[in-house]
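The values are calculated or read from the model by the stated rules, or taken from the named source; none is laboratory data. These figures come from a predicted structure and were not determined experimentally. A quick note on method: Cβ atoms are made from the backbone with ideal geometry, for glycine too, and the neighbour counts reach across all protein chains shown. Please note that ligands, DNA and RNA were not included when accessible areas were found on the heavy atoms of the full protein model with its side chains. Shrake-Rupley method; radii C 1.70, N 1.55, O 1.52, S 1.80 Å.
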Amino acid sequence: MKAGDAGAKRQAAWLSPVRPFVDGQAVPSSGELVLRPVNPSTGAALRTVPAGVAADADLAVASARRTVDGGAWSRAAPGERKAVLDRWAQLIAGDSAALDAADAVEMGKPVRLAAFNARAAAGLVRFNAEAVDKCFGAVLPSDHPSTVVQMRMPRGVVAAITPWNFPTYNAVLKVAPALAAGNCVVLKPSELASESAFRLAKLALEAGLPPGAFNVVPGRGETVGRALAEHMDVDMVTFTGSSKVGKLMLQAAGASNMKAVLTECGGKSPHIVFDDGLDLDLVAANIAATLSANTGQICSVGSRLLVQDTIEEVLTHKIVACLQAIRPGDPLDPETTYGPLASQAQLDRVMRYLDAADQDGADLVHGGERILEDAGGYFVQPAVFVNVPPDSRIAREEIFGPVLAVLSFKDADEAIRLAKDTPYGLAAYVWTSRMDVGFQVSKALQTAITVVNGQAQGTLGAGFGYSGEPAGLSGRGVEGGVAGLESYTRRQTVWFNHG
Ligand code: NAD
């Protein structure tokens, strides 16, 4: 057997035929057009995926609506919902190797990377299972002859539209709270990486979720995604992806039935590093690790380094030294720390920004070269630029790749001004040994999350309890924690006049 045949067998082992999953079973797409996604590590064709048509979305929405109206899930006792979700979490944890492998084959995330992997997704489901009976309404103060009760009701049919960057985790981030709140869901995963969505739906069925409570429709954004966003019988659309498409979600809701919209979009998050005594080796290791994790394809990646001018050179050197230690290769190999970009389109995008950085006058001090080209995949070295003009494209626009723009500042005021000089408001990382500086800078920024001295625990430890609300082009609405679960409920007041 040739090496190529072995590789093809290895990738095929993690994939299954992709078809809409409606009412608890696979059904054919109503459309004939197909997409041909490739393995980004090798450029080899994976298998065909339906391009999808609006009729596929209609079928799934009708199934979700019937299930909502039937009440088997939406009116189930909280304890029952909790038990099913808890079983789902166990099944996801048990299947985590296959889920991680599917994501690795489809979009290049190394199986070694623990952040936002399938085990973390299982933890997130468990959190939402435990939160089912911790999301409650209120009895309001009222005059004696009345009692006013404010309840939290499921919204009904929730359409979830997700990106390719952490396919398993991002799907669960939407579906778990939506189900925990009693909704029925139609998930449209990214056309680049849809395998894990089907595995998750089948596991949910096995856990005892009623058929029709979690449907999956594969296909393109412009077909299935758009049909869901514009659908008159969808009560909420929950979206993660680019700011450009996030805006379309708001427009589609306005042009259809004014459905509720939750959007989590792009970012241009800064690391802000002060020269006040922190261990710069630790800071550099952290910045390099997150820039290279998932090949920089993380919405909250620190892609701008704002550093106090006195330590700019030394910190930049240390970061470059850490980046030289990446181990690029096959994402299925547990030794690989650095995978490819997810697609030809992502590669083209990153290469365009590397050119733009050059045109805008920034100086490349590390990386930016294609690597492992013989393997046929979309590998590019992490890149670090210094002397970056604050108004240049790499300083202001989301690249969604492993590119770091270094800018220097003199004092906290200048750091804050630079940090706020983008249209985004997703995350920020402040590095300082002074508590007052940490609070001063954090409070001045508009972000969903600001982390002082480290990365967010994120998917580890107690990290599931936090909620965030992005600002600007990073989206709108609350995701995460109990408040994030509440986003999937509607407040409804019942006013009893009982005399
Ligand atoms: P994308 O916006 O291109 O696609 C996201 C999803 O929307 C996909 O399922 C796609 O098929 C669908 N879509 C595309 N066009 C559509 C349309 N016209 N109507 C309806 N649906 C449509 O984003 P992507 O390239 O898949 O992912 C990268 C982006 O996601 C980055 O901008 C990144 O910052 C963002 N992201 C944000 C978060 C967060 O939590 N803020 C997390 C992960 C990724």
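Key figures for this structure:
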quantity	calculated
Sequence-separation-based contact order of the range 163-273, relative, with Cα cut under 8 Å and 6+ spacing, percent	21 percent
Under the Karplus curve 6.51 cos²θ - 1.76 cosθ + 1.60, θ = phi - 60°, whole-Hz ³J(HN,Hα) for the range 404-413, x wherever Gly or Pro sits	10, 9, 9, 10, 10, 9, 9, 9, 4, 4
Ranked order, LYS244, LYS420, LYS109 - accessible area, probe 1.4 Å, largest first	LYS244, LYS420, LYS109
Under-5 Å amide H pairs with ALA160, H placed in peptide plane, nonlocal only	VAL186, LEU187, LYS188, THR238
Residue-span extension gain [GLN90 to ASP413] - 0.36 nm each, minus C-alpha spacing	111.5 nm
Close Lys-Lys pairs in the range 231-360, where close means Cα under 28 Å and separation is 8 or more or interchain	5
Alpha carbon Rg of the range 413-499, scaled by the compact-globule rule 2.2 N^0.38 Å	1.45
Extended-chain gain in nm, criterion 0.36 nm per residue less alpha-carbon gap, SER146 and ALA55	28.0 nm
FRET efficiency for SER433 and LYS244, using Cβ-Cβ distance with R0 set to 51 Å, rounded to 0.05	0.80
Cα-centred dipole magnitude for the chain, charges only on beta-carbon of K, R (+1) and D, E (-1), debye, nearest 20	1480 debye
Whole-number percent relative contact order across the chain, with pairs defined as alpha carbons under 8 Å at least 6 apart	19 percent
ARG490-LYS9 pseudo-label distance in nm [points 7 Å out on the Cα-to-Cβ vector]	5.4 nm
Percentage of interatomic Cα-Cα distances in the chain larger than 36 Å	31 percent
Residues GLU206 and ARG327, FRET efficiency given R0 of 45 Å [Cβ-Cβ distance, rounded to 0.05]	0.80
The range 405-450: translational diffusion in µm²/s, Stokes-Einstein, Kirkwood Rh over Cα pairs, 37 °C, 0.692 mPa s	297 µm²/s
Partner lysines for LYS9 [C-alpha distance under 26 Å; skip if fewer than 8 residues away on the same chain]	LYS109, LYS202
Mean-position separation - Cα centroids, the range 460-495 and the range 268-299, in angstrom	27 Å
Charge dipole (the range 146-232, unit charges on Cβ, about Cα centre) - positive-most of LEU203, ALA178, MET153	MET153
Where only C-alpha atoms are counted, convex hull volume of the range 1-154 per residue in Å³	170 Å³
Residues with amide H under 5 Å from that of HIS366, placed H, sequence gap 5 or more	VAL384
In range of the label at ARG349: residues from the range 207-247 whose backbone nitrogen is under 15 Å from the point 7 Å along Cα→Cβ	221-222, 240-247
Helix-only mean residue ellipticity at 222 nm for the chain, each DSSP H run of n ≥ 4 adding -39500 (n - 2.57), per residue, nearest 500	-11500 deg cm²/dmol
The range 322-378 versus the range 61-117: alpha-carbon centroid distance in Å	32 Å
³J(HN,Hα), Karplus 6.51/-1.76/1.60, whole Hz, each residue of the range 434-441, x for Gly, Pro	9, 4, 4, 5, x, 6, 4, 5
Two-site label geometry, ASP360 and ARG66: point separation in nm, points 7 Å out along Cα→Cβ	5.2 nm
HN-Hα J in Hz across the range 59-72 - Karplus 6.51, -1.76, 1.60, θ = phi - 60°, x for Gly and Pro	4, 5, 5, 4, 5, 4, 5, 4, 5, 4, 5, x, x, 4
Viscosity 0.692 mPa s, temperature 37 °C, Stokes-Einstein D of the range 269-461 from Kirkwood C-alpha radius, µm²/s	196 µm²/s
